[in-house]
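Read through the structure below, which is laid out as structure tokens, and then see the notes.
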Amino acid sequence: MKHLIVLLLCWIGTVQAHEVHHRIEATGAVVVSLNYADGKPFAYEKYALYPAGQDTPVQVGNTDATGRVVFIPGATEKWRLQA
């Protein structure tokens, strides 16, 4: 019985350590769609997003399957996208 309680406590600790909480918000986002010259989407390519005048990106990643980059601009009005 003692071993069962220890196993149960270990299992509960493992389950809690792997929880992921989330929140969904409806906010205004900017969607940039990129295509190659032949019209094919710039799919799964790397990009970096910089606020104007900054040298450190605030967002890096890969475009999605349709060549899109999505971000929430906040108070910053001008951005530089390097792809």
message: What does the charge count around L49 come to, taking other residues whose C-beta lies under 15 Å from its C-beta (Lys +1, Arg +1, Asp -1, Glu -1)?
response: 0
- request: For L81 and T56, compute 0.36 nm times the residue count separating them, minus their Cα-Cα distance, and round to one decimal in nm.
  value: 7.8 nm
task: Starting from the amide H of G61, placed 1.01 Å from N in the peptide plane, find each other amide H under 5 Å away whose residue is 5 or more places distant or on another chain.
output: Y47
message: List the residues, sorted by chain then number, that are 5 or more residues from L34 or on another chain and whose placed amide H is less than 5 Å from its amide H.
response: F42, R68, V69
field: HN-Hα J in Hz across the range 18-23 - Karplus 6.51, -1.76, 1.60, θ = phi - 60°, x for Gly and Pro
entry: 10, 6, 10, 9, 9, 9
field: Stretch gain in nm, segment I24-T66, where the contour uses 0.36 nm per residue and the Cα spacing is subtracted
entry: 12.8 nm
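Throughout, read-outs are computed from the coordinates displayed, never taken from laboratory work. On a predicted model such as this, the values are computed, not experimentally measured, just so you know. Note that each Cβ is placed from the backbone with ideal geometry, even for glycine, and that neighbours are counted across all protein chains shown.
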